[in-house]
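The values are calculated or read from the model by the stated rules, or taken from the named source; none is laboratory data. Worth saying up front: this structure is predicted, and the values here are computed from it rather than measured. Virtual Cβ from ideal backbone geometry, glycine too; neighbours counted across all protein chains shown.
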Amino acid sequence: MLDSSFKILKLFPPELAHSISIKALKYYNFNFDSNDDPMLSQHLIGLDFPNPIGLAAGFDKNAEVVKSMFGLGFGFIEVGTVTPKPQRGNQKPRIFRLDQDNAIINSLGFNNKGSKKVKNNISKLKNSLVTNRIVGINLGKNKDSLNSIDDYLFGMEQLGNLASYITINISSPNTEGLRNLQLRGNIENLIKQIILKREEIESINKKPVFIKISPDLNEDQLRDIALISLANNIDGLILTNTTTNRTETLLSKNKVQKGGLSGKPLFQTSNNILRKMYNLTNGQITLIGVGGISNGSDCYEKIKSGASLVQLYTALTFSGPLLISKMKKELIDLIKTDGYKNISDVIGKSV
Ligand SMILES: Cc1cc2nc3c(=O)[nH]c(=O)nc-3n(C[C@H](O)[C@H](O)[C@H](O)COP(=O)(O)O)c2cc1C
């Protein structure tokens, strides 16, 4: 039933298809699949992950369908990006399918209902089945904000205590100037203030903090981010967001659209960043690998390249709701074939 309704969605323009999915997922009653194979479970950054596959930020921007997404089998969910105030985002159309490339280009620009609404939505979850599940909150800044860093600090104050972990998103290509926060002086200042804020507020001082970065950074920029993260007790990095680069191999006519490219063509690029970061950080901080994962073997490759956990978004829109259960089976087969006992034995094995 779920799979056949999914096929109909592809007939709609992508942003409408997404709104319909969110509405349907809100009301769909899932049987909770809480029996992941112990081979897939890991204790990391103080949290128990039943399996390593997470929903990447951007699908559930307002924390409206968290329960249903756990029902699809994800091991953790990242909601957001949430900005302090609600905002509409950029002009439509702003999501484009690249069917021949299994990819998407989006230029959404942090459309979301704002921190107050998201706070309400997540508070409601606390009384439901998902109480002990892992829900990360991805924070961003408003387009018109006068001080970007203040927006992240506000997000931490408002939402930090409801999050299993906090992600500082400084890598979306669709908010002007945002990615400059990744540059040396800026990121150092940002990270120092984030860590100070975490120390200041008792209810969040044990919350892991991740920084989500772009795949379009050069070697020097990656090195700076690794050193600053290590020096300031950042718990982990999410690698990567979408890219503004277009590979020559893209076939779909929508390749000319502006925005961030995600899906299959991003797989190798984001893996390269992951491998470099694993080397630069000596495996000392947790890396979440994201970009172009569409099956169990992709997931395995990311973990071999240094990721402890992975996330995906685009493949879900191409393959549908049964994808995650299938990927978990494939992952277990790969672990067994290579003679490992647990997914954590695989981390960084090919670096
Ligand atoms: C439509 C769309 C919206 C997204 N919105 C966000 C967002 O709000 N915040 C964020 O950090 N990443 C966002 N992303 C990026 C994803 O989280 C992910 O990093 C990227 O798509 C690569 O993974 P994938 O190839 O599995 O999609 C978005 C991606 C897509 C396709």
Could you tell me which of the residues LYS258, LYS326, LYS276, LYS304 is of a type in the set (Lys, Arg) and out of contact with any helix residue (DSSP H, G or I) (no Cβ under 8 Å at 6 or more places or on another chain)?
LYS258
From the options ASN138, ASN180, ASN120, residue that is buried (at least 24 other Cβ atoms within 10 Å of the Cβ) and either without any contact (Cβ under 8 Å) to a residue 40 or more places away in the chain or in a strand (DSSP E or B) (or both)
ASN138
Those residues of the stretch 171-213 which are modelled with pLDDT under 95 and within 15 Å of the ligand (Cβ to nearest atom), in sequence order:
SER171, SER172, PRO173, ASN174, THR175, LEU178, ARG179, LEU181, GLN182
When the stretch 298-351 is examined, which residues are found to be in contact with a strand residue (DSSP E or B) (Cβ under 8 Å, 6 or more places away or on another chain) and more than 24 Å from PHE210 (Cβ to Cβ)?
PHE318
Quick check on the stretch 313-326: of everything there that is part of a helix (DSSP H, G or I) and either among the β-branched types (Val, Ile, Thr) or more than 12 Å from the ligand (Cβ to nearest atom) (or both), which residue is nearest to the chain's Cα centre (by Cα)?
THR314
Residue pairs within 7 Å by beta carbon, gap of at least six or interchain, first lying in the stretch 260-280 and free of Cβ contacts under 8 Å to residues at least 40 places away in the same chain, second surrounded by 24 or more Cβ atoms within 10 Å (Cβ to Cβ) and assigned to a helix (DSSP H, G or I), listed first then second, are ASN271/LYS302; LEU274/LYS302
Output yes when any residue across the stretch 307-324 is in contact with a Ser or Thr (Cβ under 6 Å, 6 or more places away or on another chain) and more than 18 Å from ILE225 (Cβ to Cβ), and no when none is.
yes
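Which one is surrounded by the fewest Cβ atoms within 10 Å (Cβ to Cβ), of the residues in the stretch 281-291 that are free of Cβ contacts under 8 Å to residues at least 60 places away in the same chain and hydrophobic (A, V, I, L, M, F, W, C)? Steps first, answer last, please.
Taking the stretch 281-291 first, the residues free of Cβ contacts under 8 Å to residues at least 60 places away in the same chain are 281-282, 284-285, 287, 289.
Retained after the next criterion (residues that are hydrophobic (A, V, I, L, M, F, W, C)): 285, 287.
Details: ILE285: 22, LEU287: 27.
Looking at the filtered set, the residue picked out is ILE285.
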For the stretch 203-236, which positions are over 18 Å from the mean Cα position of the chain (by Cα), basic (Lys, Arg) and part of a loop (DSSP other than H, G, I, E, B)?
LYS206
Pick from the stretch 268-291 the residues that are part of a helix (DSSP H, G or I) and closer than 21 Å to SER107 by Cβ: which of them is farthest from the ligand (Cβ to nearest atom)?
THR269
Run VAL310 past the list (1) surrounded by fewer than 24 Cβ atoms within 10 Å (Cβ to Cβ); (2) within 13 Å of the ligand (Cβ to nearest atom) and report the number of the one that doesn't hold.
(1)
Can you name the number of the only condition in (1) touching a Pro at 6+ places or on another chain (Cβ under 6 Å); (2) closer than 27 Å to ILE285 by Cα; (3) surrounded by fewer than 19 Cβ atoms within 10 Å (Cβ to Cβ); (4) not acidic (Asp, Glu) that GLY75 fails?
(3)
With in a loop (DSSP other than H, G, I, E, B) and either of a type in the set (D, E, K, R) or within 26 Å of VAL346 (Cα to Cα) (or both) as the only criterion, which of GLY89, GLY54, GLY73 stands out?
GLY73
Set ASP60, ASP144: member being at pLDDT below 95 and either within 21 Å of HIS18 (Cα to Cα) or part of a loop (DSSP other than H, G, I, E, B) (or both)
ASP144
Which numbered condition in (1) part of a helix (DSSP H, G or I); (2) within 14 Å of the ligand (Cβ to nearest atom); (3) surrounded by fewer than 22 Cβ atoms within 10 Å (Cβ to Cβ) is the only one that SER294 fails?
(1)
Do we find that LEU250 is touching a helix residue (DSSP H, G or I) at 6+ places or on another chain (Cβ under 6 Å) and either within 18 Å of VAL351 (Cβ to Cβ) or modelled with pLDDT of 95 or more (or both) in this structure?
yes
Every residue in the stretch 88-101 that is in contact with a Gly (Cβ under 8 Å, 6 or more places away or on another chain) and more than 9 Å from the ligand (Cβ to nearest atom), please.
GLY89, ASN90, PHE96, LEU98, ASP101
Any idea which of ILE134, ILE104, ILE122 is out of contact with any helix residue (DSSP H, G or I) (no Cβ under 6 Å at 6 or more places or on another chain) and either closer than 30 Å to GLN268 by Cα or not polar (S, T, N, Q) (or both)?
ILE134
